[in-house]
Each structure stands twice: as structure tokens, then as C-alpha cells.
1. For a footprinting-style exposure proxy, rank THR276, THR388 by other Cβ within 10 Å, fewest first.
2. What full-extension length gain, to one decimal in nm, is calculated for SER196 and ARG251 as 0.36 nm per residue of separation minus the Cα-Cα distance?
3. Starting from the Cα-Cα distance between ASN24 and ARG346, subtract it from 0.36 nm times their residue separation and give me the gain in nm to one decimal.
4. At a Förster radius of 30 Å, what calculated FRET efficiency corresponds to the Cβ-Cβ distance of ASN36 and ASN169, to the nearest 0.05?
5. What is the range 55-144 by shape, rounded, prolate or oblate, if you read a ≥ b ≥ c off the alpha carbon gyration tensor as root eigenvalues and call it rounded for a/c under 1.5, prolate for a/b larger than b/c, and oblate otherwise?
6. Could you list which residues have their amide H under 5 Å from that of ILE326, counting only those 5 or more apart in sequence or on another chain, with H placed in the peptide plane?
7. Based on Cα positions only, what radius of gyration and what Dmax would you give for the range 110-202, in angstroms?
8. Calculate for the chain the 222 nm mean residue ellipticity that helices alone would give, adding -39,500 (n - 2.57) per DSSP H run of length 4 or more and normalising by residue count, nearest 500 deg cm²/dmol.
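Just so it is clear, none of the values below were taken in a lab; they were calculated from the coordinates. None of the values given here were measured: they were computed from a predicted structure. We place every Cβ from the backbone using ideal geometry, glycine too, and count neighbours over all the protein chains shown.
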Amino acid sequence: MNLTPRGCSSIGGELASYMEECRNRTMGMFSSYGYNPFNPAEFQLLEGVMKNLPRKRRERVIVVSSPFGEPCCMRADLTLSALSYMALHHAPEEFPLRLCYADRVFSAPKPPKANLEDTQVGIELLGWEGLGSDVEVAAILLKALDSLGLTESVIVLGDASIASGVFPNLPAGFSGKLVEYLQEGSYYDYTRAVDSVDGVSDADRRILRELPRLKGSIDILGEAEEILGSRMPLHPLREICGSLDALGYGRRVRIDLGFTRDLGYYCGPIFNVYATGDGGLLGGGGRYAGVLSDVRFSCQAVGFGLSLRELAMARHPEARPARVMIWSGSLPPSAALGYAADLAERGVSFEISWNPDDLESRNFAASRGCGLWVNLQDDYALDMAVGTRTKPEAIGGPRRCQ
């Protein structure tokens, strides 16, 4: 019987275990930095979502109706949920506010993708206007990736204020088209559009032409400053890069001044993060302000969201103790459960076999991929690969129950 509709995923097995590990490690780290866990509602009121999400995102919301007749959508954005919660439960004098989350978001898939759901883990920091908050969020992000073994991950920095500084000078509706070209990586169409538009000054046209090319290491900022001049200062990116370099992350920082997002939502430094320099996208974030006035906050915020599934698939598995199958034979169940408690305290993964036959239990352990089969009745642990025996105490400590 299949209960999973098209576009949805029921995840189990090893991938589910890795996702749970990524969730626990990242959420634990966020909490240690003062970010409070947040569990959002599954539905969001449609009016607020349609008013605050960028246009492209609005086109992909999944509309539903609540049992009370309210127009809703499946949770389309975790940031909106976090801001709504903070507006309802906190006053501005309580700033700064820090929240972390790990939950699902839903949207109609954009080809070639087919999934309409993803689990994201991330943080939101509301109420600090200075660059310290940008550095804090970026540093926590990289530290979280390090904890998952993703030490070759790369953060690509841009600044939404660069595009917003020059695009308003363009004819109505034209800036949105340029943003779409940049987001899609359609640089040929972007360049043609820039060259063909009328009513643009030579200085603005030159900046527009150069934006997609200004990418690379931190050193590219020097060239960018000569091209952009004082109209669009790059000192925020310099400060962030300098701080990340001082923390030991300099080699993992890239600059892309052609990297942009929908105008009117993000208002400062933005970033994407990749598993490696040429690896898959894990997520992104940045500084935003476009939705805060609608939740009575006259300030800015910064945050990020990462795909938990992409993290799990990209992580570097650590060497783990061999999975153990526990068999107690004719001993009472308390013997197996007492020994299991010792293994659990030591972080050893195990299963308990209640099969009365020792041979069937060993075969079951082999089919489960267990590295060790522990016979509590006869007091030995069998290495399934080489057939050698050791004492159960050498694996998980002495049995507590006999």
C-alpha cells in the first residue's frame, strides 16, 4: 500500500539516520550560541505569505483551505513563520532575538526538480543592525558544516544592495528581468539586455556589464571597488571576509557580485553555501528587511536555511563502532535490556534479537549488516567478519542485569 503522493518523500534507512544526525548536531550547535528552538505551524495564512514572499516564490505556494475555511498554504517559508512568532510573542525591547529550526517547507517543484517538500535547518537573528550579526551567522554556518565533516565547504558572498543601487535607475520592469537572468545564470541574455536598454548612463551600463564577471577570491574586491566607485561601497563584504579569514575560514570564502536575489526582500550581504568548491548547493541566506515592517519590526535581520537532505548526502561519515546484535538466549529479558543500556550510554548502535535459536539469531545479525553478535547466555561477542570472540565487556561495559 503506497500512501506517499507524487512529489513527496518518505525517507528511511541510512539516509534518514544521517539526516537525524545532521539535525541533532546543527540544532545542538545553534542552541549553544543562544538560538532557541522553534517549531512552526504546518499551515500559513495565504494572505501574509502572498504579500511577503518574492514573486517567483509566490507562484509556487501550495494553496489549501483549513477546516475553519481560512485560505492557507502549506508552509512555504520558515523565515516568515519565525518572524510571525517573534512578532506575536516578543516586544522590540527584548532584542536581539535568536531562533533556530529544523522543519519542512513545501512548494510546487520547478523542473527539473520533482520534490514539493524539503526539510530545512537554519537560524534567524533579529535586532542587530551591525556587521557583527552577519559575521556571527556566517561563522556559525561554517562551524556547523565543520561539525559534519564538510571542511571543504565554500560560502559565496554577494551583496543585494549593489543591485538595488544601480537597478532602480533602469526603465520600469527591466531590473526584474536582469535579476532573473542573473539568478538563472543566463549571462548571454543578461549582457544582450544590458547592451540594448535605452536611457542608461555610460557609468551604469559599465557597472551592469561588469557585475557577472566580478567573482572569485577575496582579492576581487579591489578591482570591484575601482569599477563600482563610492556609490556602492564594498566595506561590508570586506569586513565580513576579514573576520571570517581571522577565524580561519579565508580559503573557503568566495565573492560573486553578480549573485543577487529578488529586489525588495534582501537588503545587504547575501550568501549561498556549497558542499565543495564545485559541489552541490546546500542552502543560503543573508540580511533582509523587506518583510519586517509587516510584523511591526522596524529593523533588519539575518539568517540562513540549509537543506537537511543535501547535508546528509554530502556529509563525511565518521568511523563508527560496529553495529551490535544482542542475543540473551534463555536468560530473562532484563539481561538483554541491561546490557543494551550499557551500549546506549557508550553511543554504540545495537538491536536486540529475541529469537530463541542462536543460529537463526546470528543469521539475522548477518542480514542486518551487524559487525558483532553478542551471546549473553554464553558470555562472548562474535566478530561477524573474522569469527573471533571477545568478552561482551570489551564492547559496551559489564552487564548490569543477570
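1. On the way: THR276 13, THR388 9.
Starting with the residue having the fewest Cβ neighbours, the order is THR388, THR276.
2. Details: separation 55, 0.36 × 55 = 19.80 nm, distance 3.83 nm.
Answer, rounded to one decimal: 16.0 nm.
3. Working: separation 322, 0.36 × 322 = 115.92 nm, distance 1.73 nm.
Fully extending the segment from ASN24 to ARG346 adds 114.2 nm.
4. Details: r = 42 Å, r/R0 = 1.40.
So, using R0 = 30 Å, E works out to roughly 0.10.
5. Working: a/c = 2.63, a/b = 1.44, b/c = 1.83.
The shape class here is oblate.
6. Amide H neighbours of ILE326: GLU351, ILE352, SER353, VAL374.
7. Cα only, the range 110-202: 18.3, 51 Å (Rg, Dmax).
8. Numbers: 15 runs with 152 residues, N = 402.
That calculation yields -11000 deg cm²/dmol at 222 nm.
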